[in-house]
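Below is one structure, written out as structure tokens; the observations come after it.
The values are calculated or read from the model by the stated rules, or taken from the named source; none is laboratory data. All values reported here derive from a predicted model rather than from experimental measurement. Neighbour counts run over all protein chains shown; Cβ positions are idealised from the backbone, glycine included. The protein model used for the area step is the full one, side chains on, heavy atoms only, and it has no ligands, DNA or RNA in it. Shrake-Rupley method; radii C 1.70, N 1.55, O 1.52, S 1.80 Å.
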Amino acid sequence: MEEEKKIPQVMLTGDRPTGRLHIGHYVGSLRRRVELQNEGKFDEMYIMIADTQALTDNAGNIQKVENNVIEVALDYLSAGIDPSKVTIFVQSRIPELFEFTCYFMDLVTLSRLERNPTVKSELAMRGFDESIPVGFLTYPISQAADILMFGTTIVPVGEDQAPMIEQATEIAHKFNSTYKPVFLEPKIMLPENESARRLPGTDGKAKMSKSLGNCIYLSDDEATVNKKVMSMFTDPTHLRPEDPGHTKDNPVFIYLEAFATDDHFARFYPEFKNLDELKAAYEHGGIGDVKVKKFLCAVLNDVLDPIRSKRHELEKDIASVYRILEEGTKRAQEKAHYIALRARRAMGVDYFENHKLIEKQQKAYNKAHEQEKAYAEYLAKQKK
Ligand code: ATP
Ligand code: MG
């Protein structure tokens, strides 16, 4: 019996270089990437710095994008991404991604794009009004190319990315049924911990986001973390420690859910065994916000300490970090190139590589010439 062909397991995910990475990125995706890397179950792993996508709403601010490519790379490496196991690459340097963005545009309707809930809320947040850049509206199509051109099977991301993965799946399906089966339909991998799927900002807004300035960055020093936590939004009805408090929709507790372990309680808040106990006490009344915030500071600084010190080391040799990106980008180019060959063949746009096509066209012309000749001979005979 013929051995079943195994599909390579490929992980791909990425970030926009619009700022340094924050703790929302960490719990939403980065922490998972490091775990997946260390488990070693994937045949190939890719992380993309989405500079082209960042430019879709930053065309007038190229310095921001240019400067943050290296910042995001430093954050990856500091958080434990190992470039010998994971290919880190820069989106703009893979031409095939833009070639297929263009082809995929033929497979998506404008109304489908306008229905994308993440794009809708991002448009409202950026206040584009009537002047929406076409590139911004269509970035989910370009993101589909990023995912599909690497044969991706799993995309570990936060909840805001679910509509993008859905769109990529639809495009893969549409391409395969319109032309020939080439693209795999990717699956989203959301954090198991619900609080980590969309970490709110320190201001209590629905999402911690680089573009909203409500972030705790992975590279913030201890004093900055403490300052940001101490001025965080909490439960507005919890005015005095003895008041009963709410833990739901309270960002301090949401952060603790995403970060605090029982070991953190044993080390920094031994009055309680775990978060359930602390929550019950806070809801009952008798626990002040300052105490909970101080615990959160200790937890976050404990998580961020090793990341900050690794970054400090890496910052001493920036050229090496650029070299890692350059080498990763070369590897990514090879993979995208190979998938593009198959996809172009499926679409019949591989004119120069398709020898059968050249033969077929030659035969058709030979036949046409023969017929032309026969016809001319027939006409000549008739004239006589
Ligand atoms: P921008 O505001 O420029 O879009 P961003 O902060 O939303 O930046 P992205 O680069 O768009 O960050 O997102 C990168 C990854 O991090 C995605 O997988 C996204 O789902 C995840 N992510 C971003 N913000 C959060 C958050 N607050 N909670 C959980 N995951 C998040
Ligand atoms: Mg975003």
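Quick notes
- Residue satisfying all of: in segment 205-227; within 16 Å of ligand 1 (Cβ to nearest atom) and polar (S, T, N, Q); surrounded by the fewest Cβ atoms within 10 Å (Cβ to Cβ) among these: S211
- Residues within segment 88-106 that are open to solvent by 30 Å² or more (accessible area, probe 1.4 Å) and either assigned to a helix (DSSP H, G or I) or touching a Lys or Arg at 6+ places or on another chain (Cβ under 7 Å) (or both), tallied: 8
- Odd one out for S29, checked against (1) among the hydroxyl-bearing types (S, T, Y); (2) within 13 Å of ligand 1 (Cβ to nearest atom); (3) at pLDDT 95 or above; (4) touching a strand residue (DSSP E or B) at 6+ places or on another chain (Cβ under 6 Å): (3)
- Taken as a whole, the condition of being in contact with a Pro (Cβ under 9 Å, 6 or more places away or on another chain), over 29 Å from E66 (Cα atoms) and open to solvent by less than 90 Å² (accessible area, probe 1.4 Å) does not apply to E277.
- The combined condition, being surrounded by 13 or more Cβ atoms within 10 Å (Cβ to Cβ), of a type in the set (A, V, I, L, M) and assigned to a loop (DSSP other than H, G, I, E, B), is not fulfilled by I307.
- Any hit, segment 108-118, residues being within 12 Å of ligand 2 (Cβ to nearest atom), surrounded by fewer than 22 Cβ atoms within 10 Å (Cβ to Cβ) and under 23 Å from R32 (Cβ atoms): yes
- Within segment 102-122, residues that are in the same structural domain as P133 (by TED's automatic domain parsing) and away from ligand 1 (no atom under 14 Å from the Cβ) reach partners that are open to solvent by 30 Å² or more (accessible area, probe 1.4 Å) and part of a loop (DSSP other than H, G, I, E, B) with beta carbons closer than 9 Å, at six or more positions or on different chains, in the pairs Y103/V349.
- Looking across segment 44-81, the residues that are surrounded by 13 or more Cβ atoms within 10 Å (Cβ to Cβ), outside any helix (DSSP H, G or I) and away from ligand 2 (no atom under 16 Å from the Cβ) come down to E44, M45, Y46, A79, G80, I81.
- Within segment 197-217, the presence of a residue that is more than 16 Å from ligand 2 (Cβ to nearest atom) and in contact with a Leu (Cβ under 6 Å, 6 or more places away or on another chain) is excluded.
- Residues in segment 231-254 include none that are of a type in the set (F, W, Y), closer than 17 Å to V27 by Cα, in contact (Cβ under 8 Å) with a residue 60 or more places away in the chain and within 16 Å of ligand 1 (Cβ to nearest atom).
- All positions within segment 132-178 that are surrounded by fewer than 24 Cβ atoms within 10 Å (Cβ to Cβ) and small (G, A, S): G135, S142, G151, G158, A162, A172, S177
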